[in-house]
Structure formats: C-alpha cells, structure tokens
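J.: Shown below is the structure under consideration.
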Amino acid sequence: MSDSAAPHALAPSFTIVFLAALGLMALLRLWLASRQMAHVRANRETVPGQFADRIPLAAHRKAADYTVARNRYGMLALALEIVVLLGFTLGGGLQALHVFWDARLSDLAYGLAMIFSVLAISGALDLPLALYRQFVIEERFGFNRMTPRLFFTDLCKQTALGAAIGAPVILTVLWLMERMGTLWWLYVWLFWSAFNLLVMFVYPAWIAPLFNKFVPLEEGALKARIEALLARCGFASSGLFVMDGSRRSNHGNAYFTGLGKNKRIVFFDTLLARLQPNEIEAVLAHELGHFSHRHVLKRIVLMFAGSLVLLATLGQLIDAPWFHGGLGVHAQNTALALILFFLVVPVFTFLLTPLLSGLSRRDEFEADRYAARHASADDLVQALVKLYEDNASTLTPDPLHSLFYDSHPPAAQRIARLQAI
C-alpha cells in the first residue's frame, strides 16, 4: 500500500474537468426538475381527455401535488449529494479518514475501515432526508403505513445484513486488487458477477423474508386463472406469493424475483385488494412478457458489461497520481482509488441516463404487446389506470423530463398503444 502520491501536473486539470462535469450534471438535473414541476402545475386543473371518464379531478390534483413534492425533495437530495461528494473529495474528508485509519491499521483492515467509514458517514447524513421522505411526503399523501419503530428496525436489519455480507465481499475485492497484478480488474469482475448471480438466486428464499412476510396465494379462482396463464405462456415458477406490502406503504405492485427454478411471483397485498382477477391476470401477463422477450437476461448482461468497463477503467486509473490528487487526496492506494472512482462515476455517467431509460421504455412496450396477446389489452388498461390513480402517478409529465428519466412510457402513450391493439 502506497501512502503518498506525488503532485502531478495533470491534477489541477482533472480537478477542473471534475468540477465542470459536476456542475453540468447539477444544472441539468435542476433544470429538468424545474421543467417537470412547471409542466405538472400547468396541467393540474384538467384531466387529460382520454382519462377524463376514469380519473377524478381530485385524484389528478393529488398526483400533480405528489409529483411536485417529490421533485422538490429530489432537489434537496441533490444538494446534499453534491455537498457530501465535495466534502469527501476536494473538501479533504477522504484524506482525513486516510490519516486516521492509516495510523492504526494496515492493508486489508485499513481498506475495510475506509469503505465502511464512507458508507456510515453517507448513511448518517442521508438519514434525515429518508425520514422526511417517509414520514412527511409519503404521510402527507396517504401512502405511509410505516411506524418509526419499523423504520429503524428495517434500518438495523439492513445495516447488519450489509455488514455481514459486505465485509467478506469487500475484503475479497481488496485482496484481488492487491494480489492479482495488472489484470486484477478482470478477476474482480468475475468474482463480482458470480456474487451478484448468487444473490439473485438466494434473495427470494433467504433475504426478502427478513423484511416482509410472504404467504402462498390462496387456492381459488384467482390462483387457477394465474396458473392457466402461466401454462399458456410456458412459464415455470417456484410459487405464487402474497407480500405484506401494506405494512409499509399503500403503493401497489407485483414482481418476479430469483433465477432459474428459484423464480417467484410476488403480489403486494395492496395490489390484490385493488384489482379484479382479470386485471391481475393482465398485469402478470405484462411481467411474463419481460421474461418471454428476455428483458431480464438482457439487463443482467448489460449490467455485467457495464461493470466490466468500469472496472477496466479503474484499472487504468488506479496508479495515476493525477486521479487521486485531482480529487483532493494526497495519498495513493487501492482502497482510496476504489472509493474515489465509485464516488465520481455517477458524475461522468449521468448523460447515459436517457439511453438506459429509452431501452427500458422499449421493453415496456414489448411487454404490453405480449400481455395483449396472452390476456386482454382492455383489462391491462383498466389495471394501469387504477394503479396510476392509486400510486398518484402524474398523467401529464414534462416530455423532456420523461424522455430523460422515465423507465416506463408516459401514461398517455402507453394507454393509446394498448387501445390501438
């Protein structure tokens, strides 16, 4: 472990590049959020024509106010994010942590302490915002079902689980970085990919039940209907489950989880309480469309390819004094390089957001078409309208904001395509 990095002529230039990229990201995010709030407010008093007979004006206003509140929160979170990032880098936070731990620990223990310190400080600073989001915004709009006791119980479980799983993973990564020579990034990528696949496989049965109760879907007409749909689509799962989502929120959802034969279909109890059996079937047919078109596999491959590119890039930067010095750290070692890289990567990759959002929207349209073939397009429309209303999803997003961020098509586009089908 090298304890010091000599000054480098490129360091000031990289500082300027970093600050310029950070400023561009911040201004673009603030501009898009401002556009979204202005557009939603301008359309607050009129329900779009195609929803006029389905969505009450009061629900439309609620969705507009909820969207504005969430965007204001996002601006506040962005400000904190920038302060924390600059505090760790150019503000000298990482350098101070290095001095503290370097005098007490060495090698892998030092690296583990550095990474956990950054995570702990970031989590502590984010906690007031998380409380505000849950107990002010979600409470104001009638979505919060979580008690403070449950909130902190979840937090303790997440922290303990993160430490139990994260410590050996981090130690393994640091060991590979130190021992595997110039191709360490390839070994780290192989390990990281294998670990993520393992987590996807064990999550349904071992991790998710730590936070929620899962009970098998009751025998009856709904289960028979779903099993018939699964048979028509040639989909095998390890079970149909209902999750007690109402313990924490009024939002409704359904999802698939797991890999291979360990796949589960999970319905929020709030979703089952709101939708009719034919509508639930249509929602599930949409989710099956993602598997039929291999969207999940494609996203996993994209995630692994992206992580390989990032780790290979870090492999080129890890011994560059200008990289450390340009970010305000006057020391150089593998742990610091790893921390610095993943602190600043979001700044430089932010402009990829609309590309990834566009790919996701394309997948959603494909899954809708699949659902229309194997269930009913009208039933899916009815289900989506109910979910838009129940989740206070705005029907009038700003087009540019939606193009940049939204992983799902705007409601008007999505409903129009389904009605055309």
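The values are calculated or read from the model by the stated rules, or taken from the named source; none is laboratory data. Model, not experiment: these values are computed from the prediction. Cβ: placed from backbone, ideal geometry, glycine included. Neighbour counts: every protein chain shown.
J.: Restricting attention to the stretch 153-171, report how many residues are out of contact with any helix residue (DSSP H, G or I) (no Cβ under 7 Å at 6 or more places or on another chain) and either touching a residue at least 60 places away in the same chain (Cβ under 8 Å) or of a type outside the set (A, V, I, L, M) (or both).
T.: Residues flagged as out of contact with any helix residue (DSSP H, G or I) (no Cβ under 7 Å at 6 or more places or on another chain) and either touching a residue at least 60 places away in the same chain (Cβ under 8 Å) or of a type outside the set (A, V, I, L, M) (or both) within the stretch 153-171 amount to 8.
Conditions (1) surrounded by 15 or more Cβ atoms within 10 Å (Cβ to Cβ); (2) closer than 27 Å to R70 by Cα; (3) modelled with pLDDT of 95 or more, marked per residue:
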residue	(1), (2), (3)
M25	yes, yes, yes
L32	yes, yes, yes
H39	yes, yes, yes
T46	no, yes, yes
R54	yes, yes, no
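J.: If we scan the stretch 365-388, do we find a residue that is closer than 25 Å to Q36 by Cβ, touching a residue at least 12 places away in the same chain (Cβ under 8 Å), in contact with a Phe, Trp or Tyr (Cβ under 8 Å, 6 or more places away or on another chain) and not hydroxyl-bearing (S, T, Y)?
T.: For the stretch 365-388, residues closer than 25 Å to Q36 by Cβ, touching a residue at least 12 places away in the same chain (Cβ under 8 Å), in contact with a Phe, Trp or Tyr (Cβ under 8 Å, 6 or more places away or on another chain) and not hydroxyl-bearing (S, T, Y): present.
J.: Would you mind stating whether V242 is farther than 17 Å from F268 by Cα, β-branched (V, I, T) and in contact with a helix residue (DSSP H, G or I) (Cβ under 8 Å, 6 or more places away or on another chain)?
T.: no
J.: For F267, indicate whether it is closer than 27 Å to W192 by Cα and surrounded by 15 or more Cβ atoms within 10 Å (Cβ to Cβ).
T.: No.
J.: Across the stretch 391-404, what is the total count of residues that are hydroxyl-bearing (S, T, Y) and surrounded by fewer than 18 Cβ atoms within 10 Å (Cβ to Cβ)?
T.: 1
J.: For S393, state whether it is in contact (Cβ under 8 Å) with a residue 24 or more places away in the chain, over 30 Å from A96 (Cα atoms) and either touching an Asp or Glu at 6+ places or on another chain (Cβ under 8 Å) or part of a helix (DSSP H, G or I) (or both).
T.: No: the conditions fail for S393.
J.: Yes or no: the stretch 113-131 includes at least one residue that is surrounded by 15 or more Cβ atoms within 10 Å (Cβ to Cβ), out of contact with any His (no Cβ under 9 Å at 6 or more places or on another chain), among the hydrophobic types (A, V, I, L, M, F, W, C) and not in a helix (DSSP H, G or I).
T.: no
J.: Another question, then. Check A208 against each of (1) closer than 30 Å to M114 by Cα; (2) surrounded by fewer than 13 Cβ atoms within 10 Å (Cβ to Cβ); (3) of a type in the set (G, A, S) and name the one condition it does not meet.
T.: Here A208 clears every test but (2).
J.: Still on this structure, I have one more. Among the residues of the stretch 379-421, how many are among the acidic types (D, E) and modelled with pLDDT of 95 or more?
T.: 3
J.: Under the condition of being touching a residue at least 24 places away in the same chain (Cβ under 8 Å) and out of contact with any Asp or Glu (no Cβ under 9 Å at 6 or more places or on another chain), which residue from the stretch 405-421 is nearest to F350 (Cα to Cα)?
T.: Out of the qualifying residues, it is Y405.
J.: Which one of V40, V68, V17 is in the same structural domain as W322 (by TED's automatic domain parsing) and touching a Lys or Arg at 6+ places or on another chain (Cβ under 7 Å)?
T.: V68
J.: Restricting to the stretch 39-56, count the residues that are among the polar types (S, T, N, Q) and under 13 Å from V385 (Cα atoms).
T.: 1
J.: Just checking: which of the helices (runs of 4 or more DSSP H) contained wholly in the stretch 293-390 hold 3 or more residues that are outside the structural domain of T89 (by TED's automatic domain parsing) and surrounded by 20 or more Cβ atoms within 10 Å (Cβ to Cβ)?
T.: Correct list: 353-374, 377-390.
J.: Being among the polar types (S, T, N, Q), assigned to a helix (DSSP H, G or I) and surrounded by fewer than 14 Cβ atoms within 10 Å (Cβ to Cβ), is that true of even one residue in the stretch 142-156?
T.: Within the stretch 142-156 (the criterion being among the polar types (S, T, N, Q), assigned to a helix (DSSP H, G or I) and surrounded by fewer than 14 Cβ atoms within 10 Å (Cβ to Cβ)), the answer is yes, since at least one residue qualifies.
J.: Restricting to the stretch 241-264, name every residue that is in a helix (DSSP H, G or I) and surrounded by fewer than 17 Cβ atoms within 10 Å (Cβ to Cβ).
T.: S246, R247, G260, K261, N262 - these are the residues of the stretch 241-264 that are in a helix (DSSP H, G or I) and surrounded by fewer than 17 Cβ atoms within 10 Å (Cβ to Cβ).
J.: Quick one: L174 ticks every box in (1) touching a helix residue (DSSP H, G or I) at 6+ places or on another chain (Cβ under 9 Å); (2) under 18 Å from S249 (Cα atoms) except a single one, so which number is it?
T.: (2)
Here's the yes/no breakdown for (1) of a type in the set (A, V, I, L, M, F, W, C); (2) modelled with pLDDT of 95 or more; (3) at positive phi:
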position: L105; (1), (2), (3): yes, no, no
position: A124; (1), (2), (3): yes, yes, no
position: L131; (1), (2), (3): yes, yes, no
position: R149; (1), (2), (3): no, yes, no
position: G166; (1), (2), (3): no, yes, no
position: L171; (1), (2), (3): yes, yes, no
position: F191; (1), (2), (3): yes, yes, no
position: F195; (1), (2), (3): yes, yes, no
